[in-house]
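Any read-out appearing in this document is the output of simple, stated calculations on the displayed coordinates, not a laboratory observation. Given the structure is predicted, the values throughout are model-derived calculations rather than measurements. So basically every Cβ, Gly included, is an ideal-geometry build from the backbone, and we count neighbours across all protein chains shown.
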Amino acid sequence: MNCPVSSRLFQPLLQYTPAAIAMFDCTMTHLLVSQQWLRDYGVQEEQIIGRSLLDTVNLYQVSPSLLTRWQDIFFICLQGKDHQDEGSHVFTASGDKEWIQWEMSPWHNEQGEIEGVIVSSRFITPWKQQEDLLQQTQSRFLNLSANLPGMLFQFLLYEDGTIAYPFVSSGCQDLFELTPQAIQEHPETILNCIHPSDRHSYDESISLSARLLTPFYWEGRILTPRDKRNGLKPPPVRKNSPIIRFYGMV
């Protein structure tokens with residue numbers, strides 16, 4: 001096979017890069033592949049170099065649906081467009097389900113003309129499994145917090161006195177008649193619910209707790225249409241940061 005000059009110069013770098021990369025010409029013929037590409041797809045260099053992807057589909061140790069997808073995107077990339085797939089699943093020859101992330105981009109000759117595409121990919125199954133596990137954990141926590149009486153929250157107090165609520169459970173709607181989103185976007189709305197006669201005691205209590213990093217307890221009145229009385233008990237935490245974190249329940 002006669003490779004373009006640019007391909008021959010690129011070959012040593014491409015072949016030994018730790019990423020799975022393949023270089024194709026405009027007919028989707030394999031020009032160059034990295035060693036990682038060969039390992040990931042269970043093929044030999046002599047099996048695919050100089051042959052088109054269409055002719056080597058059965059050699060790849062993954063489900064044909066992935067290669068079919070590449071073929072569909074290939075001609076779009078020849079028009080000068082890049083394409084990214086942040087994560088889709090494929091099945092290996094052994095029947096295992098794997099998650100893969102890939103990108104396809106056109107490459108140009110010295111005159112700036114498109115002469116083919118470069119495909120890079122990586123299997124991301126371990127990261128995907130961790131992501132799914134995290135989502136399941138978050139879902140369980142949200143379901144639990146939504147069914148607990150009162151409101152769970154994380155409260156941040158910055159050095160300049162500004163505040164934030166990174167997390168607020170849905171119980172805030174019963175207590176303060178505010179949605180979690182409203183509190184996160186405008187955290188001062190909760191402070192505005194405190195009865196004016198009790199605001200001074202609240203400010204003193206939280207200031208003392210933040211200064212000494214001691215558990216914070218405050219009981220006072222809030223002003224909502226239902227005018228309830230509530231207590232706050234968040235223990236503050238400082239983690240090598242000027243931000244004081246309170247985790248608690250109302």
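Residues in the stretch 133-144 carry Karplus couplings, in order, of 5, 5, 5, 5, 5, 5, 5, 5, 5, 5, 5, 5 Hz; the curve used is 6.51 cos²θ - 1.76 cosθ + 1.60 with θ = phi - 60°, and Gly or Pro positions show x. Label positions at GLU204 and ILE76, each projected 7 Å from the Cα along the C-beta direction, are separated by 6.5 nm.
Determine, for SER121, SER105, the number of other Cβ atoms within 10 Å of each Cβ, and report the residues in order from fewest to most. Provide the component values of the computation, followed by the final result.
Values: SER121 22, SER105 14.
The most exposed by this proxy come first: SER105, SER121.
When each of PHE153, PHE75 is scored by the number of other beta-carbon atoms lying within 10 Å, the sequence from fewest to most is PHE75, PHE153.
Taking amide H as placed 1.01 Å from N in the peptide plane, the amide H of ILE194 sits under 5 Å from that of LEU223, each at least 5 places away or on another chain.
Once backbone amide H atoms are built at 1.01 Å from N, GLY171 has LEU152 as its partners under 5 Å, excluding neighbours fewer than 5 places away on the same chain.
Please compute the contact order of the stretch 60-161 in relative form: average sequence separation of alpha-carbon pairs under 8 Å and at least six residues apart, divided by the residue count, as a percent. Please list the in-between numbers first.
Numbers: 113 pairs, mean separation 19.3, N = 102.
Answer for the stretch 60-161 is 19 percent.
Evaluating 6.51 cos²θ - 1.76 cosθ + 1.60 at θ = phi - 60° for every residue in the stretch 105-113, the Karplus couplings come out as 9, x, 10, 10, 7, 5, 8, x, 8 Hz, glycine and proline recorded as x. In whole percent, what relative contact order does the stretch 161-214 give with Cα contacts below 8 Å and a gap of six or more residues? Relative contact order for the stretch 161-214 comes out at 25 percent. Between the alpha-carbon centres of the stretch 84-147 and the stretch 196-213 there is a gap of 48 Å.
Based on the Cβ-Cβ distance of ALA93 and GLN138, what FRET efficiency does E = 1/(1 + (r/R0)^6) give at R0 = 35 Å, to the nearest 0.05?
On the way: r = 34 Å, r/R0 = 0.98.
Taking R0 as 35 Å, the efficiency between ALA93 and GLN138 is 0.50.
For the stretch 147-154, putting each phi into the Karplus relation 6.51 cos²θ - 1.76 cosθ + 1.60 with θ = phi - 60° gives couplings of 9, 7, x, x, 10, 8, 7, 10 Hz, in residue order, rounded to whole numbers and with x for Gly and Pro. Measuring r between the beta carbons of SER63 and ALA164 and using R0 = 35 Å, the FRET efficiency lands at 0.15.
What is the sum of charges, Lys and Arg at +1 and Asp and Glu at -1, for the other residues whose Cβ falls under 13 Å from the Cβ of PHE24? Value of the local net charge: -2.
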